[in-house]
Amino acid sequence: MTDDEIQAFRRENDYLKRRNAQLQDDVTSLGGQVLRMQQELERLSGRRAMVTPDPLSGGQ
């Protein structure tokens, strides 16, 4: 293996390490966004449930 090949492998390895770190950050960020969206959906579902009248509650 030549020095040029070794340098190329090192550059590729460094690139892959940086790319892996970026992707891990993206996954973490997306996980946070999913959690926020779930919380928002729960909040909106709860609000809708509170507003929806119960047809069995009387008022006839």
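Ordered by 1.4 Å accessible area with all protein chains kept, M1, M37 run largest first as M1, M37.
Within the shell defined by Cβ-Cβ distances under 14 Å, the residues around E12 carry a net charge of +2, with Lys and Arg each +1 and Asp and Glu each -1. The solvent-accessible area of L35, taken with every protein chain present and a 1.4 Å probe, is close to 90 Å². Remark: the A21-R47 segment gains 5.4 nm on full extension, using 0.36 nm per residue and subtracting the alpha carbon distance.
The values are calculated or read from the model by the stated rules, or taken from the named source; none is laboratory data. Everything numeric in this text was worked out from a predicted model, so none of it was measured. FYI the Cβ positions are ideal-geometry reconstructions off the backbone, even for glycines, and counts take in every protein chain you see. Surface areas here come from the heavy atoms of the whole protein model, side chains and all, with no ligands, DNA or RNA. Shrake-Rupley method; radii C 1.70, N 1.55, O 1.52, S 1.80 Å.
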